[in-house]
Amino acid sequence: MTALETWVLLNQLEAAVGENLDRHLASAEAWMPHEYVPWSEGRNFAGLGGEPWSIEQSKLSPIARTALGRVGEPVDGGGGSARVLHP
């Protein structure tokens, strides 16, 4: 792709990206992790220099873990997360 083609593509995408960002910001709800996991149960896992997470630590049923994983996926179904969600 040439520099000109890249510039044209970015110009065409600018409005759609702006609209989607505005839609996301209008519908996104703020949340605080400590509302779901008490501070006393919080700790760092392997990605932050702590212990590895294992499935045995989950207090959720297999069905709830699957549902939570689906909720955490991007709306468009695309990748883009730096880390995988593990309920």
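Values for this structure:
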{"read-out": "Scope segment 27-60; condition at pLDDT below 90 and assigned to a helix (DSSP H, G or I); matching residues", "value": "PRO33, HIS34, GLU35, TRP39, SER40, GLU41, ALA46, GLY47, LEU48, ILE55, GLU56, GLN57"}
{"read-out": "Tally, over segment 20-43, of residues that are polar (S, T, N, Q) and over 17 Å from the mean Cα position of the chain (by Cα)", "value": "1"}
{"read-out": "Failed item in (1) surrounded by 10 or more Cβ atoms within 10 Å (Cβ to Cβ); (2) modelled with pLDDT under 85; (3) of a type outside the set (A, V, I, L, M), with HIS24 passing the rest", "value": "(2)"}
{"read-out": "So LEU9, is it at pLDDT 85 or above and part of a helix (DSSP H, G or I)", "value": "yes"}
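The values are calculated or read from the model by the stated rules, or taken from the named source; none is laboratory data. Every value quoted in this text rests on a predicted model; they were computed, and no experiment measured them. Quick reminder, even Gly has a Cβ in these numbers, built from the backbone with ideal geometry, and neighbours come from all protein chains shown.
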